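Notes follow once the structure below has been shown.
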Amino acid sequence: METEIVSEFLPFGRIYKDGRVERLTGTEIIPPSLDATNDVVSKDVVYSTEHNLSVRLFLPHNNNNNKLPLLIYIHGGAWIIESPFSPLYHNHVAELAKSANCLAVSVQYRRAPEHPIPAAYEDSWSAIEWIFSHAGGSGPEEWINQHAYFERVFIGGDSAGANMSHHMAMRAGREKLEPRIKGVVIVHPAFWGTDPVDELDVQDAETRRGIAQVWEEIASPNSVNGTDDPLFNVVGSGSDFSGLGCEKVLVAVAGKDVFVRQGLGYAEKLKKSGWGGDVEVVVEEEEGHVFHLQNPDSESALRFLDRFVEFITDGSNGDDDFVNVL
């Protein structure tokens, strides 16, 4: 086996001369379980035979066969590492399903560098289309047919997954996805650009160069404009948010996160865009990037979980057709 390293992108991984990719983190896998562990059952279902991609479904065990809100979750990891099957995301999404009493669908997508952007975006949209093929109750997966209440669909994700959640909502608006998405949760979004978005954004040239390098050399080497690719430079670009295809957005930022000003700038741009939906912002000033995943039992992580859950469950009593089991 070839051992010469041609590229090292720490802390994520290495590329060897023979083309092999070694990921240094996020490779551990937890199997799904139909045992009611933590009051949630889970299973994996293939949604793309072409690319051998699955979703992991999480269903509260004591749901009494009721229709439940549907959360579509897109994981983070710089488009390079992690999966719905890793402990980090299995545990997080299972907890969301349990706490919000919702059916959660965690999306696997092709990752860079083997599959550079836009593969991850294409896969995430393909997964959403597959999920929405169940809206009439006759899709291929019985859990979704039986339990998903398509009048209360949410998309959420963190970091790279938050970035993609925004773009999925934009595409849902362009393609007039029906039923309309209720809300989108943007957690510590990986938005960036060549220039800082304001005077409080990261000014350090080395830090900015390091983030740009991950995007330009590993995640999206085919981007014509580098970090000013509209997929990455969401806040600083001239992109129009007015067609965002959902009713409300929750933006979560952390004060010690390198992306904090991007997240706050995103919320402000959305408010001024003419979109017309509701924007809520939650800030944890003393925390860093994806702190809730790294230390899920901390006071701030539990506080954030409560806010995420409230965003999904809020107003459910007002839906006449929704069977409220909260």
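Observations, loosely collected:
- Residue among Asp278, Asp306 that is loosely packed, with under 15 Cβ neighbours inside 10 Å, in contact with a strand residue (DSSP E or B) (Cβ under 9 Å, 6 or more places away or on another chain) and at pLDDT 95 or above: Asp278
- Consider the range 1-52 and keep the residues that are among the hydroxyl-bearing types (Ser, Thr, Tyr) and within 22 Å of Ala120 (Cα to Cα). The one that is surrounded by the most Cβ atoms within 10 Å (Cβ to Cβ) is Tyr47.
- In the range 119-137, the residues that are touching a residue at least 24 places away in the same chain (Cβ under 8 Å) and within 15 Å of the chain's Cα centre (by Cα): Ala120, Tyr121, Asp123, Ser124, Trp125, Ser126, Ala127, Ile128
- Inside the range 287-303, residues that are closer than 19 Å to Gly76 by Cα, in a helix (DSSP H, G or I) and either open to solvent by less than 50 Å² (accessible area, probe 1.4 Å) or in contact (Cβ under 8 Å) with a residue 40 or more places away in the chain (or both) make up a count of 4.
- Verdict on Ile72 being more than 22 Å from the chain's Cα centre (by Cα), in a strand (DSSP E or B) and surrounded by 12 or more Cβ atoms within 10 Å (Cβ to Cβ): no
- All of (1) touching a Ser or Thr at 6+ places or on another chain (Cβ under 6 Å); (2) closer than 22 Å to Ile131 by Cβ hold for Thr49 with one exception: (1).
- Answer residue from the range 223-264, given it is hydroxyl-bearing (Ser, Thr, Tyr) and either open to solvent by 30 Å² or more (accessible area, probe 1.4 Å) or assigned to a loop (DSSP other than H, G, I, E, B) (or both) and is farthest from Val290 (Cα to Cα) among those: Ser242
The values are calculated or read from the model by the stated rules, or taken from the named source; none is laboratory data. Predicted model only: the values in this text are computed from it and were never measured. When we count neighbours, we look across all protein chains shown, and the Cβ atoms used for this are built from the backbone with ideal geometry, even at glycine. Areas reflect the complete protein model, heavy atoms only, side chains present, ligands, DNA and RNA absent. Shrake-Rupley method; radii C 1.70, N 1.55, O 1.52, S 1.80 Å.
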